[in-house]
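Written below as structure tokens is the structure these notes are about.
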Amino acid sequence: MTPVHATFGEVAAERRIASVPLSHVSVELGHLYMEDFEAGPARLREQFRRVAPWLATIRSVWRERVPGGRARVSTCFLVDDYFSRFSTPAELVPMILEAAAEHDLTIDYLARESACAQFEDGRSGAVELARLVEDRLVDDPPPDTDGSRPPVKETGWLCNGSRSPLTTPLQAMGKARPWEPPTQNAKRGHSIFVDVELWDERGARRTWSCPFLAAVWQLLRLGLLRAEGRVPLPPVPLEGAWPGDWDRLPAVVRINPQAAPFSAYTTLSVLSPRFLPVELAVRTILSQVAVDDEVLRQVAARSESERVRLEEELVDRVSYVFT
Amino acid sequence: MLVIGEVHTGLLQNSGEISEPACRQVLGLMSGETVRVSRRPIVHALSPERLTGVDCALPAASGSRIRGVGTVVSRCAVTGGRVAQGSSYVRVARSETDRRLSWSHYLARPGVVEVLGKAKAADIAEGFAGDGAPRGHGCLDLTAITGRFLDLVQTSPLLNRRAPFRMPRTILRWVAETGEPSIGFTLHTEQERSLRLTHPGPFTPAVVDLCEDLAMHDWLLTSLLVVVERARVGATPAAEVAARLSPAVDHLLHLWMPAARVEERLTPFWESLERRPGFSRQWRSLVDRVRDQVAVHTLALLSANAETGGR
């Protein structure tokens with residue numbers, strides 16, 4: 001008898017990582033905070049007026065870049081319902097869509113910022129994306145980090161180098177050390193040291209910082225997050241009318257049924273320059289997030305199969321127009 | 001160039017073996033990631049992998065300073081609800097530049113440490129796993145990294161920290177390279193071992209599974225030897241010998257499953273170690289000895305009972 005080749009498998013022993021449909025680029029048309037809302041619809045119209053030409057540009061850039069010119073571009077809009085709750089979806093969303101339409105813009109997806117922290121509904125169960133990303137932070141090690149001690153952490157903060165040593169004397173009689181500068185690990189000549197607050201806690205309640213949630217938002221748009229191997233917060237169409245309460249709104253709503261996929265190889269955000277410091281913080285965080293190896297491979301294989309060359313480092317897949 | 005790693009193995013700090021759901025909780029080191037569990041032929045639970053960033057000197061037998069930057073992969077495992085392991089490794093690769101790049105470059109290749117400047121694989125291999133290799137200050141410390149991960153498991157609040165017997169952790173340092181198949185296993189001190197492996201084809205995580213499997217069986221063998229030694233067979237009354245051997249019967253004997261989780265193409269490495277030095281041969285002989293002692297004691301008890309019963 002010839003040898004029999006036996007195979008045996010156990011589902012619980014395998015790692016199954018779902019894949020996510022991907023557009024070429026996800027364009028964020030805007031990000032609405034309470035202060036923008038309070039400024040009235042004129043502020044929103046102004047935002048869309050500034051964005052419109054850039055969306056047209058990015059469409060044509062990708063049409064040239066993609067073989068066959070079939071560029072998949074999706075647009076999204078983020079509403080802050082985390083730091084402050086204002087208005088209701090029933091009141092706000094139609095106004096946003098109308099203001100966008102005035103400039104021939106279609107908002108394909110609408111997302112809630114609080115979902116980047118945590119979200120729970122019957123469909124997705126409970127997902128704490130912010131915790132998930134926090135667990136995937138791998139601190140940028142200063143030179144001579146050999147692993148002998150745990151990474152130096154200031155709880156709730158993340159930086160891109162070594163902080164200044166403590167200069168104030170610990171005891172009243174102690175001698176103060178002269179100030180020493182912090183240093184950036186990957187400095188070119190001189191340092192640009194960045195230290196980002198990720199969250200703060202009052203009692204048991206943790207509030208994630210705006211840059212941290214924005215980093216989660218970028219990772220979600222890049223399709224690089226998985227929870228228990230599944231794609232978290234897949235966009236869902238709205239059933240019925242816009243609800244009167246934010247909590248009854250899905251995390252990501254697909255508004256346009258013909259839209260290209262929500263997640264994309266790259267992202268573009270069109271923002272006011274006042275967000276520049278936030279985005280520097282976002283990039284500091286993103287450059288220290290370890291994305292699952294298997295997910296990175298999936299995305300790389302997919303882009304290669306359609307002959308789209310993708311930047312290897314994920315921060316390089318995130319771009320901006322500050323206008 | 002090469003892959004270097006370390007496996008720490010110890011008795012789980014709990015009075016009895018833990019259930020599969022408890023394994024999942026103890027090993028849940030990362031939110032949103034599942035603990036992988038296989039049940040055949042023995043329950044084996046594996047934590048998600050985590051990364052640690054390093055920028056430091058790599059071990060070098062020649063003493064030359066080799067700078068490496070990148071990430072170390074670490075994970076923990078619990079086998080049979082009883083044996084805990086911490087395991088870390090890095091793939092050492094040449095960097096395309098001589099300077100350190102932005103951190104996102106290194107995070108795009110998890111588990112790789114890039115060497116800035118010149119280095120020879122043999123120098124690193126010998127420096128890491130060679131006998132009496134000088135391990136200077138500021139040199140990549142896989143022992144500390146792996147130890148911390150194993151501590152995370154061992155100090156879990158789900159464990160009662162009342163292990164049935166004390167047994168030191170063993171440390172296996174391993175080096176894997178591509179080439180003509182060969183394997184070399186060396187015992188250094190009581191707790192330290194090294195493994196040199198040359199495998200055909202590129203490195204895959206299956207090599208890590210093999211090293212972890214070998215480390216676990218080496219630990220089982222070491223522990224059983226210690227238990228038998230502590231029993232002082234022949235120098236102590238039979239009842240006491242049997243009592244001292246009973247933890248081995250309760251907690252160790254059923255765990256021997258060589259190459260259970262080793263990919264088929266790597267099983268010849270296990271088989272060659274079975275020929276020389278013959279792990280299973282020694283294990284069987286020890287198990288026989290334990291069982292014989294217990295049997296002798298049982299017989300003694302039975303005949304004592306018969307005697308008292310006959311009166």
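So which residues in the stretch A:31-50 are of a type in the set (A, V, I, L, M) and within 20 Å of residue A:112 (Cβ to Cβ)? Those that are of a type in the set (A, V, I, L, M) and within 20 Å of residue A:112 (Cβ to Cβ): A:32, A:34, A:44. Every listed requirement among (1) touching a Leu at 6+ places or on another chain (Cβ under 6 Å); (2) closer than 30 Å to residue A:125 by Cβ; (3) modelled with pLDDT under 95 is met by residue B:39 save one, (1). Looking across B:47, B:102, B:62, one residue alone is surrounded by fewer than 22 Cβ atoms within 10 Å (Cβ to Cβ) and out of contact with any helix residue (DSSP H, G or I) (no Cβ under 6 Å at 6 or more places or on another chain). It is B:102. Suppose we keep only residues that are open to solvent by 80 Å² or more (accessible area, probe 1.4 Å), farther than 17 Å from residue A:206 by Cβ and without any contact (Cβ under 8 Å) to a residue 24 or more places away in the chain within the stretch A:114-149. Which one would you say is nearest to the other protein chains (Cβ to nearest Cβ)? Among those residues, the one meeting the criterion is A:144. Tell me which of these residue A:110 doesn't satisfy, since it passes every other one: (1) under 22 Å from residue B:28 (Cα atoms); (2) more than 12 Å from chain B (Cβ to nearest Cβ). Residue A:110 satisfies all of (1) under 22 Å from residue B:28 (Cα atoms); (2) more than 12 Å from chain B (Cβ to nearest Cβ) except (1). Filtering A:152, A:93, A:61 for residues that are open to solvent by less than 10 Å² (accessible area, probe 1.4 Å) and either modelled with pLDDT under 90 or part of a helix (DSSP H, G or I) (or both) leaves a single hit, A:93. Against the test of being in a loop (DSSP other than H, G, I, E, B), in the same structural domain as residue B:10 (by TED's automatic domain parsing), at pLDDT below 95 and closer than 20 Å to residue B:84 by Cβ, the options B:119, B:163, B:133 yield a single qualifying residue, B:163. Of all residues in the stretch A:98-111, those that are open to solvent by less than 10 Å² (accessible area, probe 1.4 Å) and either free of Cβ contacts under 8 Å to residues at least 40 places away in the same chain or part of a strand (DSSP E or B) (or both) total 3.
To keep it simple, each residue is scored yes or no on (1) modelled with pLDDT of 95 or more; (2) surrounded by fewer than 20 Cβ atoms within 10 Å (Cβ to Cβ); (3) more than 13 Å from chain B (Cβ to nearest Cβ).
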residue: A:229; (1), (2), (3): no, yes, no
residue: A:252; (1), (2), (3): yes, no, yes
residue: A:262; (1), (2), (3): yes, no, yes
residue: A:272; (1), (2), (3): no, yes, yes
residue: A:275; (1), (2), (3): no, yes, yes
residue: A:299; (1), (2), (3): yes, no, no
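Listed by position, the strands (runs of 3 or more DSSP E) contained in the stretch A:205-294 that have at least 1 residues being aliphatic (A, V, I, L, M) and touching a helix residue (DSSP H, G or I) at 6+ places or on another chain (Cβ under 9 Å) are A:252-254, A:264-271. The residues of the stretch B:247-264 that are assigned to a helix (DSSP H, G or I) and either under 23 Å from residue B:83 (Cα atoms) or in contact with a Gly (Cβ under 8 Å, 6 or more places away or on another chain) (or both), listed by number, are B:247, B:248, B:249, B:250, B:251, B:253, B:254, B:255. When residue A:6 is tested against (1) part of a helix (DSSP H, G or I); (2) within 14 Å of another protein chain (Cβ to nearest Cβ), just one condition goes unmet, and that condition is (1). Counting the residues of the stretch A:277-295 that are buried (at least 21 other Cβ atoms within 10 Å of the Cβ) and away from chain B (no Cβ under 14 Å) gives 1.
Taken over the stretch B:30-42, the criterion of being touching a strand residue (DSSP E or B) at 6+ places or on another chain (Cβ under 7 Å), farther than 19 Å from residue A:118 by Cα and touching a residue at least 12 places away in the same chain (Cβ under 8 Å) is satisfied by B:35, B:37, B:38, B:42.
With respect to being on the phi < 0 side of the Ramachandran plot and surrounded by 14 or more Cβ atoms within 10 Å (Cβ to Cβ), residue A:233 falls outside the description. Restricting B:245, B:210 to residues that are of a type outside the set (D, E, K, R), touching a helix residue (DSSP H, G or I) at 6+ places or on another chain (Cβ under 7 Å), buried (at least 16 other Cβ atoms within 10 Å of the Cβ) and in the same structural domain as residue B:16 (by TED's automatic domain parsing) narrows the list to B:210. Within the stretch B:133-166, the set of residues being within 28 Å of residue B:231 (Cβ to Cβ) and either within 10 Å of chain A (Cβ to nearest Cβ) or surrounded by fewer than 18 Cβ atoms within 10 Å (Cβ to Cβ) (or both) comprises B:160, B:161, B:162, B:164, B:165, B:166.
Quick check on the stretch A:23-38. Is at least one of its residues charged (D, E, K, R), within 14 Å of another protein chain (Cβ to nearest Cβ) and more than 25 Å from the chain's Cα centre (by Cα)? Looking for residues that are charged (D, E, K, R), within 14 Å of another protein chain (Cβ to nearest Cβ) and more than 25 Å from the chain's Cα centre (by Cα), one finds none in the stretch A:23-38, hence no.
The values are calculated or read from the model by the stated rules, or taken from the named source; none is laboratory data. Predicted model only: the values in this text are computed from it and were never measured. Using ideal geometry, Cβ is built from the backbone for each residue, glycine included, and neighbour counts are taken over all protein chains shown. Ligands, DNA and RNA are excluded from the accessible area calculation, which covers all protein heavy atoms including side chains. Shrake-Rupley method; radii C 1.70, N 1.55, O 1.52, S 1.80 Å.
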